1. Kindly provide the helix-only [θ] at 222 nm of the chain, computed as the sum of -39,500 (n - 2.57) over DSSP H runs of four or more divided by all residues, to the nearest 500 deg cm²/dmol?
2. Which whole-number percentage describes the relative contact order of segment 1-143, with Cα contacts under 8 Å and a sequence gap of 6 or more?
3. By its C-alpha gyration tensor, with a ≥ b ≥ c as the square roots of the eigenvalues, how is segment 1-100 shaped: rounded for a/c under 1.5, else prolate for a/b larger than b/c, else oblate?
4. Residues in segment 73-98 near a label at residue 33, defined as backbone nitrogen under 18 Å from the 7 Å Cα→Cβ point?
5. Could you let me know the centre-to-centre spacing of segment 90-164 and segment 211-250, using Cα atoms, in angstrom?
6. Could you work out the relative contact order of the chain, using alpha carbon pairs under 8 angstrom and six or more residues apart, expressed as a whole percent?
7. Let a ≥ b ≥ c be the square roots of the eigenvalues of the Cα gyration tensor of segment 82-190; is it rounded (a/c under 1.5), or, if not, prolate (a/b larger than b/c) or oblate?
8. Give the shape of segment 33-150 as rounded, prolate or oblate, defined through the alpha-carbon gyration tensor: a ≥ b ≥ c are the square roots of its eigenvalues, a/c under 1.5 means rounded, and otherwise the shape is prolate if a/b is larger than b/c and oblate if not.
């Protein structure tokens, strides 16, 4: 597994896509409210992508039917948009990857629906802070496990669990490229050296309870086995000689 290095021009192309992703997620964050369905969110996303001249990276990916992933409460990732109605007190993860002029960018946010509990608020804050810890560790000269260590130590110190089966990845001409970016330390996994020009998605997925997950019968939606809430934040970043550059910032 060799690192895929992007030129400055290629990174700027990904940043263009990243701005679109960030703008759409900001629209969705403002729109989320009790009473709307995840299908409503999907329709808004499809319309926004069309407005920007971009395409969903997930729609049709291995048969996935949505323009984004909408995962509620105990759903960790890959929730399929549909008739489910958002309730006051829910939390929902909006995970959007887009393709603009052949370059992909990927980002996710977990947002409150109406008024949520202090415990849910804390889960969101810890997960988003864990993302920033991971980004801070994504420096040339460090290694992939430094990202996972930063995320895992912060999350577990807060009393939460890190999802094991899913993690980040390289991003570029494809939505998913090498390397896989784990959110925990796995000594047996290749510990690639981070080099300037690499573009990766860092995406902590954090569970309020135990770390175990399972996939529902739709073959996509991943839930926590103990029905505890999960949160997910993600940015696409470029490795540089200094601090990582966030390519999916607003």
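1. Here the helix-only value at 222 nm equals -10000 deg cm²/dmol.
2. Details: 214 pairs, mean separation 34.4, N = 143.
Reported relative contact order: 24 percent.
3. Values: a/c = 2.12, a/b = 1.77, b/c = 1.20.
Prolate.
4. 85-92
5. Using only Cα atoms to place each centre, the spacing works out to 6 Å.
6. In percent, rounded to a whole number, it is 24.
7. oblate
8. Oblate shape, in that a/c is at least 1.5 and b/c is the bigger or equal ratio.
Values quoted throughout were computed directly from the atomic coordinates according to the rules given, and no laboratory measurement underlies them. What you see is a predicted model; the values in this text were computed from it and never measured. Every residue, glycine among them, receives a Cβ derived from its backbone with ideal geometry; neighbour counts consider all protein chains shown.
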